[in-house]
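Okay, so here's the structure we're looking at.
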């Protein structure tokens, strides 16, 4: 490689502060998502009425109810997330060279954050919150969750690429089994969507016993949203087989530590899922289950990036 070519492709290493900030933004988004789950589980989505972005038509809330405080807090934290991701975008562009893959991931994160706000606003404006049983609600919930997970993936890839010392530009990587990576992401998204619909069914149609829940799930008189609940654990078990295949690949490519983490998180998701069903979906179990699932998603995205975006060997 000539000196001029080496100079052109020289890595402008991001600072440790930027790398820490990128992971902190990701952690903050996970916290916002968990609070959003609390909003749904507590039935507080209508706490601000059908007003957006204002809450009950005002900025400051006086003598607010608990549901209003929960929903208003979620809106404030969601608004701050846009500020955080814009800061990450600007800092990334200032600290990296042209063609750095982290720039593209940061741009995608901003676009998906804006889409997240639009979908959230539509849920409120269309009254698809609290105890609404509108047929549109499952559709918008599935779209909202899919966008949320893609947003987490974009933030994860941004942070991961900022930490790389090689393989940070298109010309310095080679794609390995990209179709398998896309399939893995699609499978994980499908499982997550079935989980969100199952959680919505738990919220709208609560039961007082496990036997009652099973009777609802398989009763011909139950609505489709209730009868959908059993599909989620079945889909999760099927997806687990696919994840184990990915972990076997990863173990063969010197990613044993990350593979072990993914396996541990997968076990935690299954365990918390069983507790969630057995205990009839208390709020704390739903939040813990989602935290484990989001952590698994982040670890899986990093593992997929390592397996798929492989740095070209130095010549």
Here is a list of conditions, (1) surrounded by 16 or more Cβ atoms within 10 Å (Cβ to Cβ); (2) outside the structural domain of residue 32 (by TED's automatic domain parsing), and residue 176 meets all of them except one; can you say which number that is?
-> (1)
Would you please list the contacts, defined by Cβ atoms under 7 Å and residues six or more apart or on different chains, that run from a residue in the range 114-133 that is touching a residue at least 40 places away in the same chain (Cβ under 8 Å) to a residue that is buried (at least 17 other Cβ atoms within 10 Å of the Cβ) and not in a helix (DSSP H, G or I)?
-> 123/129; 129/45; 129/46; 130/45; 130/46
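Yes or no, residue by residue, for (1) under 20 Å from the mean Cα position of the chain (by Cα); (2) modelled with pLDDT under 90; (3) not assigned by TED's automatic domain parsing to the domain that holds residue 42:
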{"residue": "182", "(1), (2), (3)": "yes, yes, yes"}
{"residue": "188", "(1), (2), (3)": "yes, yes, yes"}
{"residue": "227", "(1), (2), (3)": "no, yes, yes"}
{"residue": "290", "(1), (2), (3)": "yes, no, yes"}
Mind checking which residues of the range 277-288 are in a helix (DSSP H, G or I) and free of Cβ contacts under 8 Å to residues at least 60 places away in the same chain?
-> 284, 285, 288
Confirm whether residue 51 is modelled with pLDDT under 80 and either farther than 30 Å from residue 288 by Cβ or in the same structural domain as residue 289 (by TED's automatic domain parsing) (or both).
-> yes
Residues located in the range 74-94, provided they are free of Cβ contacts under 8 Å to residues at least 24 places away in the same chain and under 17 Å from residue 38 (Cα atoms) = 76
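The values are calculated or read from the model by the stated rules, or taken from the named source; none is laboratory data. Note that the structure is a prediction, hence the values are computed from the model and not measured. Cβ coordinates were reconstructed from backbone atoms using ideal geometry, including for glycine residues, and neighbour counts include every protein chain displayed.
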